[in-house]
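The values are calculated or read from the model by the stated rules, or taken from the named source; none is laboratory data. In this text, all values refer to a predicted model and were calculated from it rather than measured experimentally. Positions of Cβ are generated from backbone atoms using ideal geometry, with glycine treated the same way; all protein chains shown enter the neighbour counts. Areas reflect the complete protein model, heavy atoms only, side chains present, ligands, DNA and RNA absent. Shrake-Rupley method; radii C 1.70, N 1.55, O 1.52, S 1.80 Å.
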Amino acid sequence: MKKYRSLFKRYPEQKNEDVFAFFPFDGNIESWEAPYEKLAKIASPENWSFSRLEIKEKYKNQSLPILTSYLNYTFLRIQELNFIVYSDEEDKAAFNTGLQTRQGKDIFALFFRNKQSKERDQCDWTFFAFVDSYSEKLNFYPETPKIATYIEDANDLVFDTKLEIDTNLGHIVEKNMDRLPVALRENPRIAITSITGAVQFLRNRIVRNYKVAIPHWYENKIQLLLPLVISNDDNIADLALVVDKDKDRKFYRGKTVLSMDQAYIDARLITRPDSDWLNP
């Protein structure tokens with residue numbers, strides 16, 4: 001089957017041939033987020049937008065940035081696992097969104113094939129509906145779409161406090177300076193010192209609460225997100241440190257840092273974070 005770069009069009013210049021489906025909306029009375037707003041209404045209640053003022057400003061033109069990112073990356077994982085289910089005639093497609101209704105029923109995304117996509121330079125598929133497992137519309141498919149999976153070894157979900165963290169400070173400061181607190185962006189030396197100090201405090205925090213380490217999915221494997229408290233006195237994380245376990249050499253590589261919105265979006269792909277530091 002053809003592989004797509006995204007579920008829906010993520011930016012105006014993106015080619016339709018790289019996008020799986022068009023999500024229709026009435027431009028006169030609805031915004032482009034209308035289909036996702038309907039999903040949010042039927043799904044178990046969750047905050048799909050950010051509350052921090054500096055992050056809200058970044059997404060000021062979106063009301064559901066977490067949900068749309070979650071849905072897109074879930075689709076990419078589903079596609080990678082070949083979990084998209086097609087009707088016998090291959091004119092309909094469905095996948096499991098990984099979300100559930102308030103009653104605990106799985107929610108599925110349904111699509112129909114656009115038979116004129118090539119002639120009109122349109123997406124190959126068109127979104128039809130979000131339905132739960134009670135829907136008779138699922139009768140068109142030979143099997144029930146499976147949920148995306150990420151975890152092969154449960155040990156990857158827990159930070160091993162016996163191992164050290166070797167942080168790639170050069171990469172963080174040189175490549176991700178724009179993610180650091182404003183006060184550190186003009187002085188790489190102070191930035192390195194501040195990050196080093198923040199990393200040193202991590203172990204004690206993790207020992208007292210293993211949930212501090214939050215799994216996320218990147219490069220086809222589980223990595224962990226850890227809170228870096230750099231400029232705040234009230235223990236609020238400024239950044240998320242991404243650590244990757246080197247099982248052969250027995251240590252963690254601190255590979256990069258993510259802004260808090262990036263970290264939450266990445267973590268939400270696997271599960272809704274239950275943490276005292278990573279919240280929308």
Members of the stretch 126-145 that are touching an Asp or Glu at 6+ places or on another chain (Cβ under 9 Å) and either open to solvent by 100 Å² or more (accessible area, probe 1.4 Å) or in a strand (DSSP E or B) (or both): 132, 140
As an exercise: evaluate residue 38 against (1) within 30 Å of residue 119 (Cβ to Cβ); (2) free of Cβ contacts under 8 Å to residues at least 40 places away in the same chain and give the number of the one condition it does not meet. (2)
Under 8 Å between Cβ atoms, which residue pairs at least 6 apart in sequence (or on different chains) link something in the stretch 134-162 that is touching a residue at least 60 places away in the same chain (Cβ under 8 Å) with a partner that is among the hydroxyl-bearing types (Ser, Thr, Tyr) and assigned to a helix (DSSP H, G or I)? 148/74; 159/210
Unmet requirement for residue 13, which otherwise passes all of (1) more than 26 Å from residue 216 (Cα to Cα); (2) among the acidic types (Asp, Glu); (3) in contact with a helix residue (DSSP H, G or I) (Cβ under 9 Å, 6 or more places away or on another chain): (3)
Enumeration of residues in the stretch 152-188 that are at pLDDT below 90 and in a loop (DSSP other than H, G, I, E, B): 152, 153, 176, 180, 181, 185, 186, 187
Filtering the stretch 1-23 down to residues that are hydroxyl-bearing (Ser, Thr, Tyr) and open to solvent by 20 Å² or more (accessible area, probe 1.4 Å), which residue is modelled with the highest pLDDT? 4
Could you say whether any residue in the stretch 62-85 is modelled with pLDDT under 95, surrounded by 14 or more Cβ atoms within 10 Å (Cβ to Cβ) and farther than 30 Å from residue 151 by Cβ? yes
Taking the stretch 163-175 and keeping only residues that are surrounded by fewer than 15 Cβ atoms within 10 Å (Cβ to Cβ), in contact (Cβ under 8 Å) with a residue 60 or more places away in the chain and under 26 Å from residue 54 (Cα atoms), one is left with 171, 175
Qualifying position, being of a type outside the set (S, T, N, Q), open to solvent by 40 Å² or more (accessible area, probe 1.4 Å) and closer than 25 Å to residue 14 by Cβ, among 121, 106: 121
What do you reckon, is residue 92 at pLDDT 95 or above and either farther than 16 Å from residue 3 by Cβ or of a type outside the set (Asp, Glu) (or both)? yes
Among (1) modelled with pLDDT of 90 or more; (2) closer than 26 Å to residue 271 by Cα, where does residue 210 come up short? (1)
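Do we find a residue being closer than 30 Å to residue 239 by Cβ, touching a residue at least 40 places away in the same chain (Cβ under 8 Å) and out of contact with any strand residue (DSSP E or B) (no Cβ under 7 Å at 6 or more places or on another chain) anywhere in the stretch 25-33? Let's see the steps before the verdict.
Keep residues of the stretch 25-33 that are closer than 30 Å to residue 239 by Cβ, which gives 33.
Of the ones still in play, those that are also touching a residue at least 40 places away in the same chain (Cβ under 8 Å) are none.
Looking for residues that are closer than 30 Å to residue 239 by Cβ, touching a residue at least 40 places away in the same chain (Cβ under 8 Å) and out of contact with any strand residue (DSSP E or B) (no Cβ under 7 Å at 6 or more places or on another chain), one finds none in the stretch 25-33, hence no.
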How about the stretch 1-106: which helices (runs of 4 or more DSSP H) wholly inside it have at least 2 residues that are within 25 Å of residue 138 (Cβ to Cβ)? 34-42, 65-80
Kindly list the number of the only condition in (1) farther than 19 Å from residue 265 by Cβ; (2) open to solvent by less than 30 Å² (accessible area, probe 1.4 Å); (3) charged (D, E, K, R) that fails for residue 26. (2)
Hey, residue 44 hits all of (1) of a type in the set (Gly, Ala, Ser); (2) farther than 30 Å from residue 239 by Cα; (3) in contact (Cβ under 8 Å) with a residue 24 or more places away in the chain but one; which does it fall short on? (2)
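When you go through 11, 86 one by one, which is the residue that is without any contact (Cβ under 8 Å) to a residue 24 or more places away in the chain and among the hydroxyl-bearing types (Ser, Thr, Tyr)? Write out each step before concluding.
Details: 86 fails: without any contact (Cβ under 8 Å) to a residue 24 or more places away in the chain.
That would be 11, the only listed residue that is without any contact (Cβ under 8 Å) to a residue 24 or more places away in the chain and among the hydroxyl-bearing types (Ser, Thr, Tyr).
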